[in-house]
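Presented below is the structure to which this report refers.
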Amino acid sequence: MNTENNDELLFLPLGGTGEIGMNLNLYGCRGKWLIVDLGVSFGDDSMPGIDVFMPDPSFIADRRKDLLAIVITHAHEDHLGAVAHLWPRLRCPVYASPFAASMLRGKLAEANLESEVPLHVVPLGGRVQIGPFGVEFVTQTHSIPEPNSLALQTPFGTVLHTGDWKFDPKPLVGSPANQGRLSALGDEGVLALVGDSTNVFKEGTAGSESDVRDSLTELFGHYHRRIAVACFATNVARVESIAVAAARHDRHVALVGRSLWRIDKAARENGYMKGLPPFLEDHDAAYLPEDKVVYICTGSQGEPRAALARIAGDSHPHVTLKNGDVVIFSSRIIPGNEKSIFRLQNQLIRQGVEVVTEKDHFVHVSGHPGREEMSRLYQLVRPRISVPVHGEARHLQEHAKLAANCGVGQTVILEDGQMLRLAPGEPEVVDIVSTGRLAVDGTRLVSMDSEIMRDRHRMVYNGSAVVTIVLDRVGKLLSDPQISAHGLLDAEQEAGLHEDVVEAVRSSVEELPRLARQNDDLVRETARLALRRHMKQSHGKKPVTDVHLVRI
């Protein structure tokens, strides 16, 4: 679709709508584009070798000359984690609040991009004009410092993009949400609210970080050996609460995990964690008496390379937990992580470590709004249109129902790739664009739909095989085929089965007419099919198979 001269306001999600994570939202106005958030998601057992993946930005990369900027709502990975990976394809200015900018600088430095990316720091409550977009940062509360809703003021009206948010009356870190400004925006008139749907099924409110601090302080008093707390590293208020609770029980706090140290640095650079003494390194804390230490650990979601997994596997160089110690999971289970989390918890329990979760004690509140808060936001803002995002299909549908019950006249449920015209006229899906996912595979980005990833999936479930065939010029076999069937066949332990495969390949090649054996492609395909047929019959598997043909 050519939007260069279109006098209209468009919204196009490329990631984060119909799913939770890897947010990439586009707003188009009079042929110019603005990206709101550029995030990642994290791999699971279904993605072998992939830790991080993100939306494919090809649609907007192809229109880079009309791309004005990337605006970041807050510093969570699913909102800014893809910037360092994708910026070379986009090459535009980036706008972020001070804390998010600090986090982003570290990522850009790791990618050797810090000196290239024009990074503009917007003060809390600040406003910038970017082409036809007036972008106002409206202070919210969330589970990270400096979350913002964005009021996008355009010639067609104002769009409120909520980002991630909740109404925490006592947020501990930062100011409460600026409900006065939200109400004023409602008075001025809001065309559309593009809003977070994560907790739409939760009745009531998300709860306050202040209450969690009090609960953790009380809980710590029950234990007299080592305490380890797993939490999201970005939740600065929670990290601070753990430190405060530890101090009240005469304990010292050590950070275990690199991401916690990165967050600590960014937080202190921006004036957070004031009054807290420096945290201990894990190797220093190892010398403390067991009733004088609290470890804050990464790995609350069971990530295999995070600190807590290494501790549970007894492979951490400095931290050991034993019978009588306790691990508190001050976090929620992100859907999809159940297996890895339960596996980790079972490891700890087998070692005699007590495990405490949010089901056992009040140790966590969400950073996303419950239904009561969502209704309150609609009462304040009073948009003409509701566009639910940041949720799976069931979340979006329920959010649309809630918005309608709050008096919103029009609701639109989208999926990634559906281009919505917000104005002029009635909201309407006017185009569907191609979307996809890119995975960080070692030092490169590869499409999740690529042959590389398809082969990797097939190899995980079916194994792989390599056949080497040596022929003379006229097609005579000069030796038996050499076969390696990785993940399927042990040539030493299963010598008879291995010989059967070799015989199947040899026979198939020798049965070819002499003229056909002089055709390299035909010989390769014959050998490949023979091996796969035999492995299907004998093992129920069709391995990914390569054939190396040597002519002498």
| query | Can you name the condition, by its number, that L10 falls short on among (1) at negative phi; (2) open to solvent by 10 Å² or more (accessible area, probe 1.4 Å)? | reply | (2)
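Has the range 440-456 got any residue that is out of contact with any Leu (no Cβ under 8 Å at 6 or more places or on another chain), small (G, A, S) and closer than 21 Å to V509 by Cβ?
No - not one qualifying residue is present in the range 440-456.
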| request: Provide a single number: the residues in the range 519-528 that are surrounded by fewer than 15 Cβ atoms within 10 Å (Cβ to Cβ) and within 41 Å of the chain's Cα centre (by Cα). | output: 1
| task | For the range 221-235, name all the residues that are surrounded by fewer than 20 Cβ atoms within 10 Å (Cβ to Cβ), under 11 Å from R251 (Cβ atoms) and out of contact with any Asp or Glu (no Cβ under 6 Å at 6 or more places or on another chain). | result | G221, Y223
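Looking only at the range 42-60, decide whether some residue is small (G, A, S), at pLDDT 95 or above and crowded, with 21+ Cβ neighbours inside 10 Å. Lay out the reasoning, then the answer.
Pass one, the range 42-60, residues small (G, A, S): 43, 46, 49, 58.
Still in the list and also at pLDDT 95 or above: 58.
After this cut, where a residue has to be crowded, with 21+ Cβ neighbours inside 10 Å as well, the list is none.
Looking for residues that are small (G, A, S), at pLDDT 95 or above and crowded, with 21+ Cβ neighbours inside 10 Å, one finds none in the range 42-60, hence no.
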| For R64: the one exception among (1) out of contact with any Lys or Arg (no Cβ under 7 Å at 6 or more places or on another chain); (2) open to solvent by 50 Å² or more (accessible area, probe 1.4 Å) | (1)
| G463 out of contact with any Gly (no Cβ under 9 Å at 6 or more places or on another chain) and not hydroxyl-bearing (S, T, Y) | no
| query | When E499 is evaluated against the numbered criteria (1) at pLDDT 90 or above; (2) of a type outside the set (S, T, N, Q); (3) touching a strand residue (DSSP E or B) at 6+ places or on another chain (Cβ under 9 Å), which criterion, by number, is the only one it fails? | reply | (3)
| said: Condition first: under 26 Å from A151 (Cβ atoms) and at pLDDT 95 or above. Can you find one or more residues in the range 350-367 that meet it? | reply: yes
| task | Please enumerate the residues belonging to the range 14-34 that are hydrophobic (A, V, I, L, M, F, W, C) and under 14 Å from the mean Cα position of the chain (by Cα). | result | I20, M22, L24
| said: Residue pairs, Cβ under 7 Å, 6 or more apart or interchain, first in the range 252-273 and open to solvent by 70 Å² or more (accessible area, probe 1.4 Å), second part of a loop (DSSP other than H, G, I, E, B). List them. | reply: H252/L288; H252/K292
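Could you say whether any residue in the range 143-150 is among the polar types (S, T, N, Q) and free of Cβ contacts under 8 Å to residues at least 60 places away in the same chain? Can you show your working first?
Start the filter on the range 143-150 by keeping residues that are among the polar types (S, T, N, Q), which leaves 143, 148-149.
Subset that is free of Cβ contacts under 8 Å to residues at least 60 places away in the same chain: none.
Scanning the range 143-150 turns up no residue that is among the polar types (S, T, N, Q) and free of Cβ contacts under 8 Å to residues at least 60 places away in the same chain.
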| message | I need every pair where a residue in the range 173-199 that is at positive phi has its Cβ under 7 Å from the Cβ of a residue that is at pLDDT 95 or above and acidic (D, E), sequence separation at least 6 or different chains. | response | G174/E146
| Name the pairs: first residue in the range 274-301 and in contact (Cβ under 8 Å) with a residue 40 or more places away in the chain and under 16 Å from A243 (Cα atoms), second residue open to solvent by 70 Å² or more (accessible area, probe 1.4 Å) and part of a loop (DSSP other than H, G, I, E, B), Cβ to Cβ under 6 Å, at least 6 apart or on different chains? | D291/H224
| remark: Counting only residues in the range 526-552 that are free of Cβ contacts under 8 Å to residues at least 12 places away in the same chain and not basic (K, R), the one nearest to N462 (Cα to Cα) is identified as G540
| note | Selection from the range 216-243 of residues of a type in the set (S, T, Y) and either in contact with a His (Cβ under 7 Å, 6 or more places away or on another chain) or modelled with pLDDT under 95 (or both) yields T234
| What are the residues in the range 404-439 that are part of a strand (DSSP E or B), surrounded by fewer than 17 Cβ atoms within 10 Å (Cβ to Cβ) and among the aliphatic types (A, V, I, L, M), if any? | V429, V430, I432
| task | Output the residues belonging to the range 180-189 that are open to solvent by 10 Å² or more (accessible area, probe 1.4 Å) and within 31 Å of the chain's Cα centre (by Cα). | result | R181
| note | How many residues of the range 134-171 are surrounded by fewer than 24 Cβ atoms within 10 Å (Cβ to Cβ) and either in contact with a His (Cβ under 8 Å, 6 or more places away or on another chain) or over 28 Å from A109 (Cβ atoms) (or both)? The answer is 13
| message | Need the failing condition index for L512 against (1) open to solvent by 60 Å² or more (accessible area, probe 1.4 Å); (2) free of Cβ contacts under 8 Å to residues at least 40 places away in the same chain; (3) not in a helix (DSSP H, G or I), just the number. | response | (1)
| message | Restricting to the range 363-410, name every residue that is β-branched (V, I, T) and under 18 Å from E19 (Cα atoms). | response | V387, V389
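Just checking, does the range 308-315 include any residue being farther than 30 Å from A404 by Cα, out of contact with any Leu (no Cβ under 8 Å at 6 or more places or on another chain) and touching a residue at least 60 places away in the same chain (Cβ under 8 Å)? So that I can check it myself, show each step before the final result.
Here is the first cut: in the range 308-315, the residues farther than 30 Å from A404 by Cα are 308-315.
Applying the additional criterion that residues be out of contact with any Leu (no Cβ under 8 Å at 6 or more places or on another chain) yields 310, 313-315.
With the extra rule that they be touching a residue at least 60 places away in the same chain (Cβ under 8 Å), the set shrinks to none.
Within the range 308-315, none of the residues are farther than 30 Å from A404 by Cα, out of contact with any Leu (no Cβ under 8 Å at 6 or more places or on another chain) and touching a residue at least 60 places away in the same chain (Cβ under 8 Å).
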| Yes/no for L172 being among the aliphatic types (A, V, I, L, M) and either in contact with a strand residue (DSSP E or B) (Cβ under 8 Å, 6 or more places away or on another chain) or assigned to a strand (DSSP E or B) (or both) | no
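For every residue, the table says whether it meets (1) open to solvent by 60 Å² or more (accessible area, probe 1.4 Å); (2) closer than 27 Å to L12 by Cβ; (3) in contact (Cβ under 8 Å) with a residue 40 or more places away in the chain; (4) assigned to a helix (DSSP H, G or I).
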site	(1), (2), (3), (4)
L402	no, yes, yes, yes
D455	no, no, yes, yes
I469	no, no, yes, no
I483	no, no, yes, no
G496	no, no, no, yes
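The values are calculated or read from the model by the stated rules, or taken from the named source; none is laboratory data. For clarity, every value in this text was computed on a predicted model and none was experimentally measured. Positions of Cβ are backbone-derived with ideal geometry, glycine not excepted, and every protein chain shown enters the neighbour counts. The protein model used for the area step is the full one, side chains on, heavy atoms only, and it has no ligands, DNA or RNA in it. Shrake-Rupley method; radii C 1.70, N 1.55, O 1.52, S 1.80 Å.
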